Amino acid sequence: MRCDRRNKAQQFLGKMLGEAGAAMSIGLVLLGDKCGLYKALAAAGPLTSAELASRTGTAARYVREWAAAQAAGGYINFDSATERFSISPEQALVLADEDGPAFFPAMFEIAAAAARDFSKVEAAFRTGAGVGWHEHDPCLFRGTERFFRPGYAAHLLPEWIPALEGVKEKLERGACVADVGCGHGASTILLAKEFPQSQFSGFDYHEPSLVRARELARESGVAERITFQRASAKEFPGTYDLVTFFDCLHDMGDPRGVAMHVKSALRSGGTWMIVEPFAGDRLEDNLNPIGRIFYSASTQICVPASLSQEVGTALGAQCGETRLREVIMSGGFSRVRRATATPFNLVLEARP
């Protein structure tokens with residue numbers, strides 16, 4: 001019995017060693033991203049640490065240590081015969097291709113924000129108070145946009161919009177669209193570029209995010225068809241053919257009140273599109289690597305955000321489809337259906 005317990009303890013210790021290595025890698029991944037180290041390896045092929053430093057304008061001694069740690073973690077590769085470091089196509093897809101569907105350093109930005117805001121979340125744990133989205137470190141806002149944008153780019157136009165009843169045709173003819181909780185405007189800009197006959201309004205309560213959204217819209221050449229305005233999800237003005245919520249309904253303090261307002265803002269025949277993190281209805285359905293990430297983010301970001309607002313429903317990022325349906329229908333919607341899904345996203349279509 002003692003031997004079995006000791007073996008299990010050693011196995012768990014081994015797991016924790018891996019966890020500690022991953023946690024210590026947060027800063028290293030951000031350095032690789034921000035200093036262009038991954039991209040340089042992807043572009044130039046095998047390099048010594050000195051060559052990598054020269055190509056990126058960084059200090060060779062630091063790069064040598066960084067590369068050794070990254071090779072030890074399996075993020076990049078080391079050839080002892082040539083003393084050169086390299087990155088495989090698969091590693092590059094995840095670490096160096098910012099516009100690809102699997103780009104992951106942005107998630108480490110989100111993790112860094114959670115670490116920097118630890119004292120705020122600790123205080124909330126002790127008091128039950130909330131931590132507003134605007135109270136977090138700015139790298140959370142940047143990381144969120146960079147993490148979700150590749151998924152939206154891969155799925156929104158070819159899969160999600162066509163899965164909604166009659167919505168693509170409306171957008172092609174010319175529709176009025178509200179993107180609520182738009183953040184940096186990644187989803188709004190993608191839609192505006194694809195459907196030039198339609199007009200778009202992005203709403204968010206966080207003004208610094210809206211400033212960045214306006215900049216990105218200008219860079220993308222769609223600023224004349226998008227207005228970004230500061231407004232809450234329960235107060236945004238206007239009426240629309242399509243209202244979209246991307247990965248934000250669970251952050252709302254009063255999602256039922258939000259649903260009621262969305263219903264009042266929809267024109268006849270209008271549609272509410274709700275994109276949420278994928279989750280099963282039962283906790284045990286979500287005990288997997290994706291659920292682990294979403295529960296962790298929910299604990300430190302999403303639940304505190306909701307608890308900082310009126311009502312404070314605190315749905316959480318893994319509330320599941322059944323709970324989402326209940327909330328949406330309690331706001332007056334009569335039809336809610338799953339339009340489609342990915343391993344990371346659940347896409348619901350709601351109609352009055």
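The values are calculated or read from the model by the stated rules, or taken from the named source; none is laboratory data. Note that this is a predicted model, so its numbers are computed, not measured. For neighbour counting, all protein chains shown are included, and Cβ atoms are generated from backbone atoms with ideal geometry for every residue, glycine included. With ligands, DNA and RNA removed, areas are computed over all heavy atoms of the protein, side chains included. Shrake-Rupley method; radii C 1.70, N 1.55, O 1.52, S 1.80 Å.
Any chance you could count the Lys pairs in the chain whose alpha carbons are under 24 Å apart, treating pairs 8 or more apart or on different chains as valid?
On the way: Lys168/Lys193; Lys168/Lys263; Lys170/Lys193; Lys170/Lys263; Lys234/Lys263.
So the count of such lysine pairs works out to 5.
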Check your understanding: For Leu346, which sequence-distant residues (separation of 5 or more, or a different chain) have an amide H within less than 5 Å of its own amide H, given hydrogens modelled in the peptide plane?
Key -> Glu276, Phe278
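Once the Cα gyration tensor of region 3-80 is found, what semi-axes does its equivalent ellipsoid get, as square roots of 5 times the eigenvalues, in whole Å, sorted largest first? Don't skip to the end; give the middle numbers.
Values: eigenvalues 206, 29, 18 Å².
Equivalent ellipsoid semi-axes, largest first: 32, 12, 9 Å.
So what's Rg/Rh here for the chain, counting alpha carbon atoms and using the Kirkwood radius for Rh? Intermediate results must be reported in sequence, preceding the final value.
Working: Rg = 22.2 Å, Rh = 21.9 Å.
Across the chain, the Cα-based Rg/Rh ratio is 1.01.
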Point to revise | Largest-first principal axis extents of the Cα set of region 115-256 (Å) | key: 53, 33, 27
Check your understanding: Measuring from the lowest to the highest alpha carbon on each principal axis, how far does region 283-352 reach, largest first, in angstroms?
Key -> 34, 31, 16
Study note, to complete from the structure: Rounded to the nearest 10 degrees, the helix 138-155 long axis (Cα) sits at an angle to the longest Cα principal axis of the chain of 70
Practice item. Just need the Rg to Rh number for region 103-182, please, alpha carbons only, Kirkwood Rh. Key: 1.15
Practice item. With r as the distance between the Cβ atoms of Arg256 and Glu165 and R0 = 25 Å, compute the FRET efficiency 1/(1 + (r/R0)^6) and round to 0.05. Key: 0.55
Exercise for review: For region 193-275, state the average projected area of the convex hull of the C-alpha atoms over all orientations, rounded to one decimal in nm².
Suggested key: 5.7
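Kindly report the accessible area of region 222-345 per residue (heavy atoms of protein chains, probe 1.4 Å, no ligands, DNA or RNA), in Å². Display every interim value, and only then the final one.
Details: 5220 Å² over 124 residues.
With all protein chains present, region 222-345 gives 42 Å² per residue.
Can you show me the helix-derived [θ] at 222 nm for the chain, built from DSSP H runs with n ≥ 4 at -39,500 (n - 2.57) apiece and divided by the number of residues, rounded to the nearest 500. If you can, show how the numbers build up before the last one.
Working: 15 runs with 174 residues, N = 352.
Counting only the DSSP helices, I get -15000 deg cm²/dmol.
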Revision key, fill the gap. Ratio for region 226-352, C-alpha Rg to 2.2 N^0.38 Å, reads 1.03
Review point. At a Förster radius of 56 Å, what calculated FRET efficiency corresponds to the Cβ-Cβ distance of Met24 and Ser268, to the nearest 0.05?
Key: 0.50
Review point. Taking the alpha-carbon centroid of each part, what is the distance from region 192-219 to region 236-266 in angstrom?
Key: 17
Exercise for review: With only alpha-carbon atoms counted, please give the Rg and Dmax of region 71-132, in Å.
Suggested key: 18.1, 57
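Roughly speaking, what % of Cα-Cα pairs in region 37-99 are separated by over 16 Å, rounded to a whole number? All intermediate terms of the calculation are to be shown ahead of the outcome.
Details: 717 of 1953 pairs.
Summing the P(r) tail past 16 Å for region 37-99 gives 37 percent.
Can you send over the carbon and sulfur percentage of the accessible area for the chain, probe radius 1.4 Å, protein chains only? Please report the intermediate quantities before stating the final value.
Details: 9290 of 16660 Å².
Accessible surface attributable to carbon and sulfur in the chain totals 56 percent.
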